[in-house]
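The values are calculated or read from the model by the stated rules, or taken from the named source; none is laboratory data. Just so we're clear, the structure is a prediction, and the values are computed from it rather than from any experiment. Don't worry about glycine lacking a Cβ; one is built from the backbone with ideal geometry, like all the others, and counts go over all protein chains shown.
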Amino acid sequence: MELDEQVRMYKDRLRIFLILFYFSDEYTSTEHPEYKKIFKSEVRIQKIDFLIRNPDYLAYELLLIAANDPTKKQEIKQIVKSIYDTAEPQLRRLEMERFFFGAYEDIDDVIGFLKSIGFIGFTSKKSTDLKTIEKQYFVTKYAITKANAGINNLPALEWYAKRCELIKKYFGDLSGSQLKVLQYQIDEYRNTSFKNFIGEISETVKNDFYKMFNERL
């Protein structure tokens, strides 16, 4: 495997696990006492992952919040400035393709790996047309212990951890379907053809920022 492929595989595993870790709810089970957190819906994973991988879209969504809630304007202004001051839309961007229900990337291999190392459990059901539905992911006590130690000691985790915390603060209460609706309201996202990469929207973000704050990014 080429070095670039190895790095990409590592990043994919890291992102998906941290999404499960940060956005899951507390959980207890007598049948599986090792499961301590539960996360429902692959759609929600995909939509959160899109915001991590596309800082320009995250900035756009944050500006919408600022436009509707003046109490958050200054805080969001600093967040968006930081995203652009550190060139995240160029340096952190990982493209996603547009599928039937928006941004999507197959994560079966990542989920299989996380399960194989004891980080997660996984359940699903089959619909009458044999589609896999009602996916649920369970984070283990072992994974939580490892994550808490790693986040404090591994610099490579820091950006992803902070980004998950930021997204959770502003969008953590939204379901996968609600996040999908928000993302479909963006022209570039909605108009991308099937199986094409969703394009960047930095110029739109910069224009909206200027209109709102009379400052250039």
- Message: Looking only at segment 1-37, filter to residues that are of a type in the set (Lys, Arg) and surrounded by fewer than 20 Cβ atoms within 10 Å (Cβ to Cβ); which one of those is farthest from the chain's Cα centre (by Cα)?
- Response: 36
- Message: Under 7 Å between Cβ atoms, which residue pairs at least 6 apart in sequence (or on different chains) link something in segment 190-214 that is free of Cβ contacts under 8 Å to residues at least 40 places away in the same chain with a partner that is in a loop (DSSP other than H, G, I, E, B) and among the polar types (S, T, N, Q)?
- Response: 199/192
- Residue pairs qualifying under the 8 Å Cβ cut-off, at least six apart or on distinct chains, with the first in segment 168-181 being among the hydrophobic types (A, V, I, L, M, F, W, C) and the second being modelled with pLDDT under 95 and surrounded by fewer than 16 Cβ atoms within 10 Å (Cβ to Cβ), are none
- Quick check: is even one residue across segment 38-55 exposed (fewer than 12 other Cβ atoms within 10 Å of the Cβ) and in a loop (DSSP other than H, G, I, E, B)? no
- Can you find even one residue in segment 151-170 that is assigned to a helix (DSSP H, G or I), more than 30 Å from residue 5 (Cβ to Cβ) and under 14 Å from the mean Cα position of the chain (by Cα)? yes
- Task: Starting from segment 58-75, keep only residues that are among the hydroxyl-bearing types (Ser, Thr, Tyr), then list their pairs with residues that are part of a helix (DSSP H, G or I) whose Cβ atoms are within a distance under 6 Å, requiring at least 6 positions of separation or different chains.
- Result: 60/205
- Task: Select from segment 129-155 the residues that are loosely packed, with under 11 Cβ neighbours inside 10 Å and closer than 30 Å to residue 82 by Cα and list them in ascending order.
- Result: 149, 152, 153, 155
- Among the residues of segment 79-91, is any within 19 Å of the chain's Cα centre (by Cα), of a type in the set (Asp, Glu) and over 17 Å from residue 181 (Cα atoms)? yes
- Message: Pairs needed: first member in segment 28-50, farther than 15 Å from residue 140 by Cβ; second member anywhere, charged (D, E, K, R) and assigned to a loop (DSSP other than H, G, I, E, B); C-beta distance under 8 Å; at least 6 residues apart or different chains.
- Response: 46/105; 49/105
- Single unsatisfied condition, residue 195 versus (1) among the basic types (Lys, Arg); (2) closer than 21 Å to residue 97 by Cα; (3) at pLDDT 95 or above: (3)
- Query: Is segment 61-79 home to any residue that is surrounded by fewer than 14 Cβ atoms within 10 Å (Cβ to Cβ), over 18 Å from residue 114 (Cα atoms), hydroxyl-bearing (Ser, Thr, Tyr) and modelled with pLDDT of 95 or more?
  - Reply: yes
- Message: Restricting to segment 179-206, give me the number of residues that are surrounded by 14 or more Cβ atoms within 10 Å (Cβ to Cβ), polar (S, T, N, Q) and assigned to a helix (DSSP H, G or I).
- Response: 3
- For segment 102-141, which fully contained strands (runs of 3 or more DSSP E) count at least 2 residues that are touching a strand residue (DSSP E or B) at 6+ places or on another chain (Cβ under 6 Å)? 120-126, 132-140
